[in-house]
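I have placed the structure first, in the form of structure tokens, so that the comments after it can refer back to it.
The values are calculated or read from the model by the stated rules, or taken from the named source; none is laboratory data. None of the values given here were measured: they were computed from a predicted structure. Because the Cβ atoms are built from the backbone with ideal geometry, glycine has one as well, and the counts that use them run over all protein chains shown.
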Amino acid sequence: LPSGEDQNLEIQGSVTVCNIDTQGSQEENDFDDKHFYCETCRKQYIDQCDVHGPPLFTYDSPTPVGVPQRALLTLPQGLVIGRSTTSGAGLGVFNQGQIVPLGMHFGPFDGELSSMEQALESAYSWMICRGSDQYDYIHAERDTHSNWMRYVVCSRNENEQNLVAIQQGGRVLFRCCRVIYPGQELKVWYAEEYAQSLSTIWDKIWDKKCTSI
């Protein structure tokens, strides 16, 4: 990431991926979001990868909740908002800094707790699995109460995906699953194990995101 961004770039102890083969049998409603994932080794871990250490995180620019255009103001250094390369998608997020490396994490996704009904009506909603058939719904309709991640566009195919949405520690993160070069747009799809932890409501929420493009 761009020089002078050391204050935004930190290392934390833990990651998870695009597609993970989970060892042992685990029921859908017994979702474990404690693990992270090393994109290089393609293995899960809790605190740090034995080979590559803890994962990298790029954090939002600190901005109080409730201020006008908060979502824009939370952009980390090196990222900008512009017209998406996806036709009809409106705004998108682009890398205008240095190369974003494989395994970089952004987030968490910031928004307001909502009802299931509100989440189904919003193109800015995500779900959090809290346990057996227990879910939180977060929407980012108001830019005064959300962050820049609301502007990241869904990828239309695997070739243009460079971020994967995961649940880790009760929060939604976007992890870089393909190196993002300067000038490229950030585009996200969800991790399979994340979707498997959710109810069929998730399919409807995701369809709303995609059909809003």
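How about segment 55-67: which of its residues are at pLDDT below 90 and either loosely packed, with under 12 Cβ neighbours inside 10 Å or not hydrophobic (A, V, I, L, M, F, W, C) (or both)? Lay out the reasoning, then the answer.
Initially, segment 55-67 is screened for residues at pLDDT below 90, giving 55-56.
Scanning segment 55-67 gives a single hit, Pro55.
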Of all residues in segment 29-42, which are closer than 20 Å to Arg178 by Cα and surrounded by fewer than 17 Cβ atoms within 10 Å (Cβ to Cβ)? Thr40, Cys41, Arg42
Residue list for segment 102-119, filter: part of a loop (DSSP other than H, G, I, E, B) and either touching a residue at least 40 places away in the same chain (Cβ under 8 Å) or crowded, with 18+ Cβ neighbours inside 10 Å (or both): Leu102, Gly103, Met104, Gly107, Pro108, Phe109, Asp110, Gly111
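Test Glu5 against the stated conditions and say whether it is in a loop (DSSP other than H, G, I, E, B), at pLDDT below 95, among the charged types (D, E, K, R) and over 25 Å from Asp133 (Cβ atoms). Can you show your working first?
Numbers: in a loop (DSSP other than H, G, I, E, B): yes; at pLDDT below 95: yes; among the charged types (D, E, K, R): yes; over 25 Å from Asp133 (Cβ atoms): yes.
Yes.
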Scanning segment 155-200 residue by residue, those buried (at least 21 other Cβ atoms within 10 Å of the Cβ), charged (D, E, K, R) and not in a strand (DSSP E or B) turn out to be Glu193
Scan Asp133, Asp143, Asp203 and give me the residue that is surrounded by fewer than 22 Cβ atoms within 10 Å (Cβ to Cβ), within 19 Å of Asp60 (Cα to Cα) and either touching a Pro at 6+ places or on another chain (Cβ under 9 Å) or charged (D, E, K, R) (or both). Asp143
I'd like to verify a number: residues in segment 98-153 that are of a type in the set (Gly, Ala, Ser) and in contact with an Asp or Glu (Cβ under 6 Å, 6 or more places away or on another chain), how many? 3
Only one of these is touching a strand residue (DSSP E or B) at 6+ places or on another chain (Cβ under 9 Å) and touching a residue at least 60 places away in the same chain (Cβ under 8 Å): Tyr181, Tyr190. Name it. Tyr181
Those residues of segment 120-154 which are in a strand (DSSP E or B) and more than 17 Å from the chain's Cα centre (by Cα) amount to Arg130, Gly131, Gln134, Tyr135
If you take the residues in segment 68-101 that are in a loop (DSSP other than H, G, I, E, B) and in contact with a strand residue (DSSP E or B) (Cβ under 6 Å, 6 or more places away or on another chain), which one is modelled with the lowest pLDDT? Ala89
